[in-house]
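Asks: Take this structure, written in structure tokens, and hold onto it; I'll ask about it next.
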Amino acid sequence: MKDIVYVQLRAKELTLRNVTQVKGYQDIPILLIRPQGQRYSVIAYGKKAMSQFTANSETVIVNGFDHPRSIIGDFEAAEKTLELFLAEVDCRQYRFTPYAPYKVILHPLEKLDGGLTTTEKRALQDMAYRVRARKVMVWEGRLLTDQEILTDSFPTDGKLFPTIRK
């Protein structure tokens, strides 16, 4: 069966659930990075990043989802965080290639005053495509059940981007 991953986004917590394989992961969406010119290397992520960080070192803590007005504050950091977190719900026995889920449903749970802008929806969608998701949807509304996700039966009181044509 093709993997479908449901991602609940908050600045202080990301919750991922591989709905088809019934595997979940929840952590703080932060990266511990070491800048190297224009690039950086990831040392650790999530709670491990917090425990390994020392203020006087060359490393920096980055949260790509932390911004006062938008769901994404640093696109590259958010993208790398999503990629690393998705690997945590990878159920393949052999991992010779990077994880590429069939479908990712991104569900922002904060900073929704007035709804997400088209730019924010597109940024979220592009971010998931860049980490190899084959199909990406952005959901605004109540939390979804596994059954709703598996059957593409989204509640009518929410908004789905892009919309499903039936």
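Readers should treat all values here as calculations from the given coordinates under stated rules, not as data from a laboratory. The structure presented is a predicted model; accordingly, all values stated were derived computationally and were not measured. Glycine also receives a Cβ, built like all others from the backbone with ideal geometry; neighbour counts cover every protein chain displayed.
Asks: I want the local charge near G64. Using Cβ-Cβ distances under 14 Å, sum +1 for each Lys or Arg and -1 for each Asp or Glu among the other residues.
Replies: On the way: positive: R10, K12, K80, K111, R130; negative: E13, D27, D66, D74, E76, E79, E83, E120, D126.
So the surrounding residues net to -4.
Asks: Related question: Calculate the FRET efficiency for T117 and A55 from the Cβ-Cβ distance with a Förster distance of 30 Å, rounded to the nearest 0.05.
Replies: E(calc), rounded to 0.05, equals 0.25.
Asks: With label points built 7 Å along Cα→Cβ from the Cα atoms of V22 and S153, find their separation and express it in nm.
Replies: Between V22 and S153, the simple spin-label model gives 1.9 nm.
Asks: Still on this structure, please answer the following. As an exercise, identify the trypsin sites (Lys or Arg not before Pro) in segment 54-119 lying in DSSP coil whose Cβ has no more than 15 other Cβ atoms within 10 Å. Please list the in-between numbers first.
Replies: On the way: sites: R69, K80, R92, R95, K103, K111; in loops: R69, R92, R95, K111.
Answer by residue number: R69, R92, R95.
Asks: To continue, here is another question. I want the local charge near V89. Using Cβ-Cβ distances under 11 Å, sum +1 for each Lys or Arg and -1 for each Asp or Glu among the other residues.
Replies: Working: positive: R17, K23, R92; negative: D3, E88, D90.
Net charge around V89: 0.
Asks: Considering only DSSP states other than H, G, I, E and B, which GluC sites (Glu not before Pro) in segment 51-106 qualify as loop sites with at most 11 other Cβ atoms within 10 Å?
Replies: Details: sites: E58, E76, E79, E83, E88; in loops: E58, E88.
In loop regions of segment 51-106 (DSSP not H, G, I, E or B), the sparsely surrounded GluC sites (Glu not before Pro) are E58.
Asks: Treating the angle as unsigned and between 0 and 90°, give the value, to the nearest 10°, between the Cα long axis of helix 118-130 and the longest Cα principal axis of the chain.
Replies: The angle comes out near 70 degrees.
Asks: Where does the longest stretch of the chain lie that holds no chymotrypsin sites (Phe, Trp or Tyr not before Pro) found in a DSSP loop with 15 or fewer other Cβ atoms within 10 Å? Walk me through the numbers before you get to the answer.
Replies: Values: sites that count: F53, Y94, F96, Y102.
Counting only loop sites that pass the neighbour cut-off, the longest clear stretch is 103-166.
Asks: Still on this structure, please answer the following. Can you list the HN-Hα couplings for segment 39-54, worked out from phi with the Karplus curve (6.51, -1.76, 1.60; θ = phi - 60°), rounded to whole Hz and with x for Gly and Pro?
Replies: With coefficients 6.51, -1.76 and 1.60, one gets 10, 8, 10, 7, 8, 7, 9, x, 4, 4, 5, 5, 6, 8, 6, 10 Hz.
Asks: Taking only C-alpha pairs under 8 Å that are 6+ residues apart, what is the relative contact order of the chain in percent? Display every interim value, and only then the final one.
Replies: Details: 302 pairs, mean separation 35.7, N = 166.
For the chain, the relative contact order is 22 percent.
Asks: Could you compute the net charge surrounding G46? Neighbours are other residues with a C-beta less than 15 Å from the C-beta of G46; K and R count +1, D and E count -1.
Replies: Working: positive: R10, K12, K47, K48, K80; negative: E13, D27, D66, E83, E88.
Spelling it out: positives minus negatives among the neighbours equals 0.
Asks: Same structure again: How many nm separate the modelled label positions at L109 and L143, each set 7 Å beyond the Cα in the direction of the Cβ?
Replies: The two pseudo-label positions are separated by 0.6 nm.
Asks: If I compute Kirkwood radius over Cα pairs in Å from the structure I just sent, which labelled value in (1) 18.9; (2) 22.3; (3) 16.5 lines up?
Replies: It is the one labelled (3).
Asks: Something else: Could you give the C-alpha radius of gyration of segment 88-166 expressed as a fraction of 2.2 N^0.38 Å, taking N as the number of residues it contains? Before the final figure, lay out each step's value.
Replies: On the way: Rg = 13.8 Å, N = 79, 2.2 N^0.38 = 11.6 Å.
Compared with the compact-globule rule of thumb, segment 88-166 sits at 1.19.
Asks: Now a separate question. Starting from the 7 Å offset along Cα-to-Cβ, what nm value, one decimal, do you get for the label separation of D126 and R92?
Replies: Label-label distance for D126 and R92, simple model: 2.6 nm.
Asks: Counting DSSP beta bridges with both partners in the chain, what percentage is antiparallel, nearest 5? Before the final figure, lay out each step's value.
Replies: Values: 22 of 32 bridges.
Percentage antiparallel, nearest 5: 70.
Asks: Of the listed pairs K23/K135; K2/K47; K48/K159, which have alpha-carbon separations greater than 26 Å here?
Replies: Numbers: K23/K135 19 Å; K2/K47 29 Å; K48/K159 35 Å.
Beyond 26 Å: K2/K47; K48/K159.
Asks: Need the full-extension length gain, V42 to E13, defined as separation in residues times 0.36 nm minus the C-alpha distance. One decimal, nm. Before the final figure, lay out each step's value.
Replies: Values: separation 29, 0.36 × 29 = 10.44 nm, distance 1.86 nm.
Taking 0.36 nm per residue and subtracting the Cα distance, the gain is 8.6 nm.
Asks: How big is the charge dipole of the chain about its Cα centre, in debye rounded to the nearest 20, if each Lys and Arg gets +1 on its Cβ and each Asp and Glu gets -1 on its Cβ?
Replies: 440 debye
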